[in-house]
1. Would you pick out the residues in the stretch B:130-169 that are of a type in the set (A, V, I, L, M), more than 8 Å from chain A (Cβ to nearest Cβ) and part of a loop (DSSP other than H, G, I, E, B)?
2. Does A:Ala53 satisfy being within 30 Å of B:Leu59 (Cα to Cα) and within 11 Å of another protein chain (Cβ to nearest Cβ)?
3. Kindly indicate whether any position in the stretch B:193-210 is assigned to a helix (DSSP H, G or I) and of a type in the set (Asp, Glu).
4. Does at least one position in the stretch A:96-119 carry a residue that is part of a strand (DSSP E or B), of a type outside the set (D, E, K, R), modelled with pLDDT of 95 or more and within 26 Å of B:Glu256 (Cβ to Cβ)?
5. Name the residues in the stretch A:73-85 that are closer than 17 Å to A:Ala53 by Cα, of a type outside the set (A, V, I, L, M, F, W, C) and within 12 Å of chain B (Cβ to nearest Cβ), would you?
6. Is at least one residue of the stretch B:219-229 in a strand (DSSP E or B) and facing chain A (nearest Cβ under 10 Å)?
7. Can you go through A:Pro101, A:Pro129 and tell me which one is in contact with a strand residue (DSSP E or B) (Cβ under 6 Å, 6 or more places away or on another chain) and surrounded by fewer than 16 Cβ atoms within 10 Å (Cβ to Cβ)?
8. Can you confirm whether the stretch A:86-93 contains a residue that is at positive phi, assigned to a loop (DSSP other than H, G, I, E, B) and within 12 Å of chain B (Cβ to nearest Cβ)?
Amino acid sequence: MYLSSCLEQLKAQTMTAEPFARRDWMGLIARAPLTLLDAHWPDDAPAFTWLRAPEMGAMMVQGRAGAVGAAFNLGEVTVTRASVRLGCGTVGHALVQGRSPRKAERAALLDALLQTASGAALQTRVLAPLQDAERHQSEGRARRAAATKVDFFTLVRGEA
Amino acid sequence: MYVAVKGGERAIENAHGWLAQARRGDVSVPDLAVAQIREQMALAVDRVMAEGSLHDPDLAALALKQARGDVIEAVFLIRAFRTTLPRFGASVPVETGDMQIIRRISATYKDAPGGQVLGPTFDYTHRLLDFDLADGAAPAPAAEAPPTPGPVPHILSHLGAEGLMQSEHAPDPGGTHDVPDLTRAPLEFPAARPLRLQALTRADEGFLLSLAYSTQRGYGRNHAFVGELRIGYVRVSAHVPELGFEIEFAEILLTECETVNQFQGAKSEPAQFTRGYGLVFGQSERKAISMALVDRALRARELGEDIGDAPAQDEEFVLSHCDNIQSSGFLEHIKLPHYVDFQAELELIRKLRRNAAGLQDAAE
């Protein structure tokens, strides 16, 4: 399935805009917990070759003085990166949060597959649940935060 | 001076064996899982990440387990591990204005746009021990309410819009490679503010707290209001060279504090407020507030304020002593064998006493 779909890659690229742009899916996958990636992993994932085997490392996170001023180094965050090539030549990259070669492998492979003609199906099958999970988590935080929002009322002095 | 001493290998090995057994404690009590530490000792994990200068909750939890709960030892383990990781690059500076807020308070504006959100705070608790926790009681689910969507702008941006808050220096145009990094080059004085902020965010919380408190008590007095304290999740983006675009590859919890401090004005500038800034990994508002106070104290020179002998205003004093790994490294090295030094001192003292006794004899 995947090899033939690779051949249609060019065709896919000329189709109408996908709901997820590449930069968005790469970020979504990078931030997702590995358990979730595993849960939605396609069983028929194709063979690939490594362009860059998974490598653990760190990215320096920067902040800004006073939130808007000069950049400064806040501290590092662990990451893992990897790059793969499918049989058809499509290349996938990954830079994911945390130390997990398997997560980086899956992310790079997904990045490649999402660029092929089967990408549209994978958007529904993998990206949609990842996005739902992230949205659910974010909404939960927002709802709990909203419940702790303060409603001030001012006491009038000197009146009983 | 300390010299290499051979011997004691068996004693060392057995000591480490005992350490492992002591770490485990009573085996009739279940072993503590790293995930339990990560989830239930989350603020200790946050502190280890902040002072270890590496964001990875699982690693920090493991370090706490290995260190038997000794936070500075856990920070040491994280710093040591960090040196084994290749650095792939730097992020784009995080946009704390886009933070997903879980807590946000202001001591200066009651009706700040976006509201005051208490979040999961110890404030207003009575600090009475809760014995139900000892019984493992499950908490009731947290209350929820419909969120009001919309941006939550930084409160101090309103003062800035009126020109009452000193503006930060124009940001560098995304040239993230020129940012000074104390993990790559030794500290030199005077240190630019970005370098000071890096040192402060990874500094020992207790040390910063004491220094910040000292400014409140009058040592480098600089009365601060907490203009805004916000805690929440931010996305971290980086430019991927292979692709030519940025991806939001991580999400991390940060605590940010901006203080409002008075400034009398100078010949070139009208009277206005100035800012102290704190930004720390995890949920750690004591540290973030302390950092903001000390950041503001360290700006005394650039703002042309009178500098007395307040420790918090002395950047060499603050930056040279704020790192708990450096401090404990030097402190604890004195327990290592100094047999030769001590023999030399002992010899000297004996000689002085002999000489003194000789003089006395001669005088008699």
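The values are calculated or read from the model by the stated rules, or taken from the named source; none is laboratory data. Because the structure is predicted, anything quoted here is derived from the model rather than measured. Positions of Cβ are backbone-derived with ideal geometry, glycine not excepted, and every protein chain shown enters the neighbour counts.
1. Within the stretch B:130-169, B:Ala137, B:Ala138, B:Ala140, B:Val152, B:Ile155, B:Leu164 qualify.
2. The answer is no for A:Ala53.
3. Yes, the stretch B:193-210 contains at least one residue that is assigned to a helix (DSSP H, G or I) and of a type in the set (Asp, Glu).
4. yes
5. So the first thing to find is which residues in the stretch A:73-85 are closer than 17 Å to A:Ala53 by Cα, and the list is A:78-85.
Narrowing further to those that are of a type outside the set (A, V, I, L, M, F, W, C): A:78, A:80-81, A:83, A:85.
Scanning the stretch A:73-85 gives A:Thr78, A:Thr80, A:Arg81, A:Ser83.
6. yes
7. A:Pro101
8. No, the stretch A:86-93 has no match at all.
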